[in-house]
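Contents: one structure, followed by commentary.
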Amino acid sequence: MTPATLAPLLMIASGSIHAVVNAIIKGGRSKMASRAATDGSSAVILLPAALLVPWPTGAWGWLAASAVVHLLYLYAMIRTYEAADFSAAYPAMRGTAPLLTAAISVAVFGEHLALPVAAGIALIGAALFALVFHRHLGRQALGWAVTTGSTTALYTVADAHGVRAAPSPFAYIVWDFVLIGIESVAIFAVATRGRVFADMRAAWRPCVIAGALSIVTYGLALYALSLGPTAPLAALRETGMVTALIIAVVFLKERATASRIFAVLGILAGAALILS
């Protein structure tokens, strides 16, 4: 299978798994504890692999940039989930990311976007925002959701360049998870003056699962970004919203409203344009 075929498939799979991870985090009693336990579990799982992969020589700067952006991303994401329902917050967060990722990739790093690809990215972003209509998403929640999406775009661009600069994609993937896991636990421990650890102990079972799935979802995404252009691949990851909506309708018995159906069709149409 060629990289041009493999990379989109990896991103689409990554998006579906990502929706499951975020649903687990949102479902936790303490969102900070769920996030910290999830990221910490990922770091613990991959820590032994740090002894087996080469040092990410040439990518330390990108790792540092990603870690700095993650400071704001983690806080903004938690504030979003505390202020709004998952079904309203998640699409607002994800809708911002592909549009800003494309803008940064083109304006700053000179990536070329063919017209159908640009149209597909715009269509996916618009379809995700359409899911927010008729949902209760206050001004504060929307602000945090857009901040989360914006920082997602920034760390996606940083990680895309970092995974290409590292000696191997796996070296970057391992060190990225280890560093972000340490950072996540540390900042939430400081923010709660240590109280987060008791909540982490109570939530460890689902969060270990979420941590393992996080490795799969973002590991797939990073490997895909090592094979192809950033902007269209980042947009394809948002097809995971289709999986999230199917879960909501089939398993959570939420209504398949007209806006949701049109949003799914828009996401699929955008993906088709990118892949055309």
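Would you mind telling me which residue in 51, 213, 265 has the biggest mean-square fluctuation in a Gaussian network model of the chain, where springs connect alpha carbons within a distance under 10 angstrom? Looking only at 51, 213, 265, the largest GNM fluctuation is found for 51. Here the Gaussian network model covers the chain, with springs between Cα atoms less than 10 Å apart; of 266, 27, 149, 27 fluctuates the most. Computed over the Cα atoms of the range 1-46, pair by distinct pair, the Kirkwood hydrodynamic radius stands at 12.2 angstrom. Report, in deg cm²/dmol and to the nearest 500, the calculated mean residue ellipticity at 222 nm for the chain, where each DSSP H run with n ≥ 4 adds -39500 (n - 2.57) and the sum is divided by the residue count. The per-residue figure over the chain is -27000 deg cm²/dmol. Per-residue 3J(HN,Hα) values for the range 199-216, derived from phi via the Karplus relation 6.51 cos²θ - 1.76 cosθ + 1.60 with θ = phi - 60°, read 5, 5, 5, 6, 10, 5, 5, x, 6, 5, 4, 4, x, 5, 5, 4, 4, 5 Hz in sequence order (x marks Gly and Pro).
I want to verify the translational diffusion coefficient of the range 77-236 in µm²/s; compute it with Stokes-Einstein, Rh as the Kirkwood radius over Cα pairs, at 4 °C and 1.567 mPa s. For the chosen part, D equals 76 µm²/s. Over all other residues within a Cβ to Cβ distance under 14 Å of residue 237, the charged ones net out to -1, with Lys and Arg as +1 and Asp and Glu as -1. Based on Cα contacts under 8 Å between residues 6+ apart, the range 59-216 shows a relative contact order of 37 percent. Among 199, 39, the order of accessible area from largest down is 199, 39, computed with a 1.4 Å probe on protein heavy atoms. Grouping the Cα pair distances of the chain into 10 Å bins from zero gives a pair-distance distribution of 7, 30, 38, 21, 4, 0 percent in increasing distance order. Residue-wise HN-Hα couplings along the range 65-71, as the Karplus relation 6.51 cos²θ - 1.76 cosθ + 1.60 with θ = phi - 60° gives them from phi, are 4, 4, 5, 5, 5, 4, 4 Hz; Gly and Pro carry x.
Accessible-area rank, largest first, for 12, 104: 12, 104, with all protein chains present and a 1.4 angstrom probe. Apolar share of the accessible surface for the range 1-108: 72 percent from carbon plus sulfur atoms, 1.4 Å probe. Its Cα gyration tensor gives the range 26-151 an equivalent ellipsoid, and the semi-axes of that ellipsoid, as √(5λ) in whole Å with the largest first, are 27, 24, 12. Per residue, the accessible area of the range 135-232 comes to 42 Å², computed with a 1.4 Å probe over protein heavy atoms only.
For the range 176-192, putting each phi into the Karplus relation 6.51 cos²θ - 1.76 cosθ + 1.60 with θ = phi - 60° gives couplings of 5, 5, 5, 5, 5, x, 4, 4, 4, 4, 5, 5, 6, 5, 5, 4, 9 Hz, in residue order, rounded to whole numbers and with x for Gly and Pro. Computing Rg and the Kirkwood Rh from the Cα coordinates of the range 71-134 gives a ratio, Rg/Rh, of 1.06.
Count Lys and Arg as plus one, Asp and Glu as minus one, and take only other residues whose Cβ is under 11 Å from that of residue 97; the net charge is then +1.
Size of the range 4-85: Rg and Dmax of its alpha carbons, in Å, are 15.4, 42. Rolling a 1.4 Å probe over the protein heavy atoms of the range 119-210, with every protein chain left in place, gives an accessible area that is 68 percent carbon and sulfur. Build a GNM of the chain with springs between Cα atoms under 10 Å apart, and of 91, 206, 232 the one that fluctuates most is 206. Over every Cα atom in the range 161-276, the radius of gyration and the widest Cα-Cα span, Dmax, amount to 18.2, 51 Å.
The values are calculated or read from the model by the stated rules, or taken from the named source; none is laboratory data. Keep in mind that what you see is a predicted model, and the values were worked out from it rather than measured. We place every Cβ from the backbone using ideal geometry, glycine too, and count neighbours over all the protein chains shown. Surface accessibility is based on the protein's heavy atoms, side chains included, excluding ligands, DNA and RNA. Shrake-Rupley method; radii C 1.70, N 1.55, O 1.52, S 1.80 Å.
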